[in-house]
1. For segment 58-143, which fully contained helices (runs of 4 or more DSSP H) count at least 3 residues that are away from ligand 1 (no atom under 14 Å from the Cβ)?
2. Tell me which residues, restricted to segment 254-280, are modelled with pLDDT under 95 and open to solvent by less than 20 Å² (accessible area, probe 1.4 Å).
3. Please go through (1) closer than 20 Å to ARG32 by Cβ; (2) hydrophobic (A, V, I, L, M, F, W, C); (3) surrounded by fewer than 17 Cβ atoms within 10 Å (Cβ to Cβ) for ILE62 and return the number of the only condition it doesn't satisfy.
4. Does SER198 count as of a type outside the set (D, E, K, R) and free of Cβ contacts under 8 Å to residues at least 24 places away in the same chain?
5. Considering each residue of segment 164-184, count those that are in contact with a strand residue (DSSP E or B) (Cβ under 9 Å, 6 or more places away or on another chain) and free of Cβ contacts under 8 Å to residues at least 40 places away in the same chain, and give that number.
6. Just need a number here: residues in segment 118-177 that are among the charged types (D, E, K, R), more than 14 Å from ligand 2 (Cβ to nearest atom) and closer than 20 Å to ILE88 by Cβ.
7. So which helices (runs of 4 or more DSSP H) stay within segment 179-253 end to end and still have 1 or more residues that are out of contact with any Gly (no Cβ under 6 Å at 6 or more places or on another chain), open to solvent by 30 Å² or more (accessible area, probe 1.4 Å) and within 13 Å of ligand 3 (Cβ to nearest atom)?
8. Please specify each residue of segment 166-178 satisfying the condition of being of a type outside the set (D, E, K, R), within 17 Å of SER120 (Cα to Cα) and open to solvent by 20 Å² or more (accessible area, probe 1.4 Å).
Amino acid sequence: RAKEEGKGRYAVYDKSMHKAFNERMNIEKHLRSAMKNNEFELHYQPQVDIRTGLISGFEALIRWNSPVLGFVSPLDFIKVAEDSRLIIYIGEWVLREACRFTKDVHDRVGIPYKISVNISVIQMLQDDFIDVVLNTLQETGLQPECLELEITESIFMESFESMVTKLEYLKSCGILIALDDFGTGYSSLSYLQQLPISTLKIDKAFIDSLSDSTYSQSFVQIIVQLGHKMGLEVVAEGIEEEAQLAFLKDSGCDKVQGYLISRPVPGRGVGKLLEVERYF
Ligand code: C2E
Ligand code: MG
Ligand code: MG
Ligand code: MG
């Protein structure tokens, strides 16, 4: 009997595995032609200085509108793009487009807004990663001080030393480095001080639970203090409520990003966001 149950369970497991596999194959198939068919677009979400209420910069977020699959979330295709290594080309496009767009904004409004670009570990592992970044800056004319690369802790699961060396070099060129989704990965506070980062981004999960978890409240307060002691800027992401903003202000957090301020918008929507004098 146990054997039969086992068998049945195995069949269900197998079927869902099969479905997930097919979905991934399908995404990969269409992802391959997405680049040359111009199916990607960047959206931009503002980051606001918590003390002044002014926009300090934007995070570039990729959007894929496939004629076959419809809108596909980055949460569903970035992993596939990484496994198939397509992320190398997609990532280069994102970087170039984000820098080009931001330089254009600078030229039009005369304010050096920062642009934060998400970088995959697969991109960073490429031997020419540094060249790609520096060439992109040169070709677009964006100042290095206006570019922030967002990396996650997963980067350090790979060859830690070589990652640190690359990041240190980029930092020496003036480029900023942010540690994204902080607090959710395999965080070890001991390695934080070895990292050439400039910014900590507190993960949305902690912001979501601020209202009902004293642990999250303490976590946020302690991370802000720790970050400041280490000379880092602290950004909170996924702010949706006024109460969260108030708590973050009290905690001394530097910047906020979230739907409360604005959803990510296409490039043509950025001008309108910049017209707002103060967000709070
Ligand atoms: P992330 O880098 O942590 O980006 C923040 C995500 O939270 C974005 O989701 C953003 O739209 C969403 N978000 C921001 N504020 C709020 C809020 O108040 N409420 C809610 N519910 N969500 C909020 P998105 O654009 O779907 O991207 C998901 C993830 O996909 C990103 O997380 C990032 O890890 C990855 N990603 C997006 N674009 C790129 C890219 O160009 N390259 C790479 N390598 N990864 C990317
Ligand atoms: Mg990010
Ligand atoms: Mg994040
Ligand atoms: Mg994330």
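1. Working: elements: 74-83, 87-109, 121-125, 129-140.
The qualifying helices (runs of 4 or more DSSP H) are 87-109, 129-140.
2. none
3. (3)
4. So SER198 fails the test.
5. At the first step, the residues of segment 164-184 found to be in contact with a strand residue (DSSP E or B) (Cβ under 9 Å, 6 or more places away or on another chain) are 167, 170-171, 174-183.
Filter once more, keeping what is free of Cβ contacts under 8 Å to residues at least 40 places away in the same chain: 167, 171, 174, 177, 179, 181.
Residues that pass the stated criteria total 6.
6. Residues of segment 118-177 that are among the charged types (D, E, K, R), as a first pass: 127-128, 131, 139, 145, 148, 150, 153, 158, 161, 166, 168, 171.
From what's left, more than 14 Å from ligand 2 (Cβ to nearest atom): 127-128, 131, 139, 145, 158, 161, 166, 168, 171.
Now narrow it down to the ones that are closer than 20 Å to ILE88 by Cβ: 127-128, 131, 139, 158, 166.
Of the residues in that region, 6 qualify.
7. Counting at least 1 such residues, we get 204-208.
8. So in segment 166-178, the residues of a type outside the set (D, E, K, R) come out as 167, 169-170, 172-178.
Those left that are additionally within 17 Å of SER120 (Cα to Cα): 167, 170, 175-178.
LEU176, the sole residue that qualifies.
The values are calculated or read from the model by the stated rules, or taken from the named source; none is laboratory data. Source: prediction; values computed, not measured. Heads up, the Cβs are rebuilt from the backbone with ideal geometry, glycines too, and the neighbour counts pull from every protein chain shown. Keep in mind that these areas ignore ligands, DNA and RNA; they rest on the heavy atoms of the full protein, side chains included. Shrake-Rupley method; radii C 1.70, N 1.55, O 1.52, S 1.80 Å.
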